[in-house]
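Below is one structure, written out as structure tokens, with a few remarks after it.
The values are calculated or read from the model by the stated rules, or taken from the named source; none is laboratory data. Just so you know, these numbers come straight off a predicted model, no measurement behind them. When we count neighbours, we look across all protein chains shown, and the Cβ atoms used for this are built from the backbone with ideal geometry, even at glycine.
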Amino acid sequence: MAYGDEAEGTLYLYEVPPNLKNPQDKEFDAIEEFWEREINKCNDVIERRELQLIEWQEEQKQEDIKKAKEEAQKEN
């Protein structure tokens, strides 16, 4: 494995130990489950934000209606 430092131009080389080269028992399953949970979290956040936007828009409509009614009453 190698990585570099762009600021100084240094290249670091590291040997990966054999126990990190070979996958452990059920490692692929664990990683797949992890990513599934993360994807579900992201989808939940997206859905929640969409619902919050709809609720906010409804509140704005209600406030606009209320302001229009108040202005109409003032004019009368």
Out of all the residues in the stretch 1-41, which are part of a loop (DSSP other than H, G, I, E, B) and touching a Leu at 6+ places or on another chain (Cβ under 8 Å)?
Met1
Kindly indicate whether any position in the stretch 46-55 is part of a helix (DSSP H, G or I), polar (S, T, N, Q), on the phi < 0 side of the Ramachandran plot and surrounded by 10 or more Cβ atoms within 10 Å (Cβ to Cβ).
yes
Filtering the stretch 1-43 down to residues that are small (Gly, Ala, Ser) and modelled with pLDDT under 90, which residue is farthest from the chain's Cα centre (by Cα)?
Gly9
